[in-house]
Amino acid sequence: MASCAPLSSSIVEYFEGEDFYRCGYCKNESGSRSNGMWAHSMTVQDYQDLIDRGWRRSGKYVYKPVMNQTCCPQYTIRCRPLQFQPSKSHKKVLKKMLKFLANGEISKGNCEDDPMEPTMEVAVAGDVALINKLDIQCDLQRLGDNLQESLEREEKKKGRSAKKEESNELIQSQDKKMKLGSGEPSHSVEAHVVPKPGKGADLSKPPCRKAKEIRKERKRLKLMQQSPAGEREGVQAQPEPLSLVPLKAKSNQPKSLEDFIFESLPENASHKLEVRLVPVSFEDPEFKSSFSQSFSLYVKYQMAIHQDSPDECGKTEFTGFLCSSPLEPETPPGGPDCGYGSFHQQYWLDGKIIAVGVIDILPHCVSSVYLYYDPDYSFLSLGVYSALREIAFIRQLHEKTPQLSYYYMGFYIHSCPKMKYKGHYRPSDLLCPETYVWVPIEQCLPLLETSKYCRFNQDPEAEDEGRSRDPDRLKVFYKKAVMPYGVYKKQQREPGAEAAVLQYAGLVGQACSERMLLFRN
């Protein structure tokens, strides 16, 4: 029985067959393959289920790489923000921003300090050719040259005599002690000198320890000696007093991501940064009023970072790529205050937009779509900074909406060195391309070292639980009426139509095929 199409349904138009196009990663002229469909409208739940089957959107175009055939397999990656701890390089970026906001300090930085900025690469051809792009601040060629120079220096050092090595080692050790004592910052400062291979360590001396550890130990011993138990039983035999446990836990507690991001600034701070979440809708007054400035920033970014011509980054391209979304906004009870849908997260510095993160807020995740920023502020590592802000944002949303707890970073491409940075946001998982279960990235990396395409699920009996089992229940939207495919195919005898419909059903899975409406003309 046919019925009128409900307004809340997803309506998609599937493109039969596979698309062949130039790969944005390895530059193979026709090596990249994907299946695609145009989403006239889509519910956030349907899109959530689709990205959990390896799909991804660019504007209203939704596509899925043919994983076992494409030249550079693209694995969906998600980070688990609730367990995320910023790495040393992440903390550097956060501190750099704080110093800039507090006193206007501009860190020149070093490629070796921040080797990989999040980079979103070109991955889809034609007018939907752009997907997740963040900035890469480091010139890979320079890294290669620096590595080669470093290796050559090591070879020269090996030719020196043992006597000269001992002399140099002594001088370096004294120099490091001077720098540590004077408080002079130095990237080469180490806590101790490790004996070189072939030279025996002096086992009669106690093992070297960091000065910070020694100071902590002295303080602990002093407190224990002052306690009655310490006086009676001796320091070594007596366990640490209970009163010291909270103090130790507090001193060793690492600063959280939020501690860095929301650290208080002085009243006379040099700059003010404000992050605004704006719905992607020309009916929204804030989005509409900031559109011109946002578009100008996009053009500046595309021309400077990606060398686009003015014709390639016009208003039509910008609107179609980053302002047109098939996602229908939803504000259900129990959901986040901002609701679900597509948003621009605008970074306002002293009254002007310097970066825009395009994101989708879905029932179980925030999905990163794109980032563009003012190249004049590249020194702030805005790619990394915005990713960390988005992780903190998810943790905030999770407090009210517990099921919203993941950060989808697009695709992880192990065969492309520039895209490996996504694996540095831990803990994270990759999606198995055959069974669509999530597998910790640590288990996937060894497999990817041996083969570009991998099935991560190691259970040979495991199958795709969400696969299409009954294509006749698939919903078709035909002549403004909705009907099961089993009814539709009896009325229409299109040559080759059944193969396309079965392919579509297999790619979207049974649940989506029953909810989404497949438009047939």
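The values are calculated or read from the model by the stated rules, or taken from the named source; none is laboratory data. Quick caveat, the model's predicted, so the values are computed rather than measured. Neighbour counts are summed over all protein chains in view; Cβ atoms, including those assigned to glycine, are modelled from backbone coordinates with ideal geometry. In case anyone asks, the SASA skips ligands and DNA or RNA and just uses the protein heavy atoms, side chains included. Shrake-Rupley method; radii C 1.70, N 1.55, O 1.52, S 1.80 Å.
Might you let me know whether region 339-354 holds any residue that is of a type in the set (S, T, N, Q) and either part of a helix (DSSP H, G or I) or open to solvent by 50 Å² or more (accessible area, probe 1.4 Å) (or both)?
Checked region 339-354: no residue is of a type in the set (S, T, N, Q) and either part of a helix (DSSP H, G or I) or open to solvent by 50 Å² or more (accessible area, probe 1.4 Å) (or both).
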Checklist entry - Looking at (1) part of a helix (DSSP H, G or I); (2) within 17 Å of LEU277 (Cα to Cα), which is the one condition that is false for VAL384? => result (2)
Checklist entry - Within region 390-407, which residues are outside any loop (DSSP other than H, G, I, E, B) and aliphatic (A, V, I, L, M)? => result ILE391, ALA392, ILE394, LEU397
Next on the checklist: Being in contact with a helix residue (DSSP H, G or I) (Cβ under 9 Å, 6 or more places away or on another chain) and open to solvent by less than 60 Å² (accessible area, probe 1.4 Å) is the requirement here; does LEU502 meet it?
Outcome noted: no
Next on the checklist: Testing LYS255 on (1) at pLDDT 95 or above; (2) within 25 Å of the chain's Cα centre (by Cα); (3) open to solvent by 70 Å² or more (accessible area, probe 1.4 Å), one condition comes back false. Which one is that?
Outcome noted: (1)
Next on the checklist: Take the residues in region 18-34 that are polar (S, T, N, Q) and in contact (Cβ under 8 Å) with a residue 40 or more places away in the chain; name whichever of them is surrounded by the fewest Cβ atoms within 10 Å (Cβ to Cβ).
Outcome noted: ASN28
Checklist outcome for this item: Exception for TYR485 within (1) surrounded by 20 or more Cβ atoms within 10 Å (Cβ to Cβ); (2) in contact (Cβ under 8 Å) with a residue 60 or more places away in the chain; (3) among the aromatic types (Phe, Trp, Tyr) falls at (2)
Next on the checklist: As an exercise: evaluate GLY410 against (1) open to solvent by less than 10 Å² (accessible area, probe 1.4 Å); (2) in contact with a helix residue (DSSP H, G or I) (Cβ under 7 Å, 6 or more places away or on another chain); (3) outside any loop (DSSP other than H, G, I, E, B) and give the number of the one condition it does not meet.
Outcome noted: (2)
Next on the checklist: Among the numbered criteria (1) closer than 15 Å to MET419 by Cβ; (2) modelled with pLDDT of 70 or more, which one does MET120 miss?
Outcome noted: (2)
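Every residue in region 266-292 that is touching a Lys or Arg at 6+ places or on another chain (Cβ under 9 Å) and open to solvent by less than 70 Å² (accessible area, probe 1.4 Å), please.
VAL275, SER281, SER290
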Next on the checklist: Given the condition within 15 Å of GLY357 (Cα to Cα), surrounded by 23 or more Cβ atoms within 10 Å (Cβ to Cβ) and not polar (S, T, N, Q), answer yes or no: does some residue in region 422-429 qualify?
Outcome noted: no
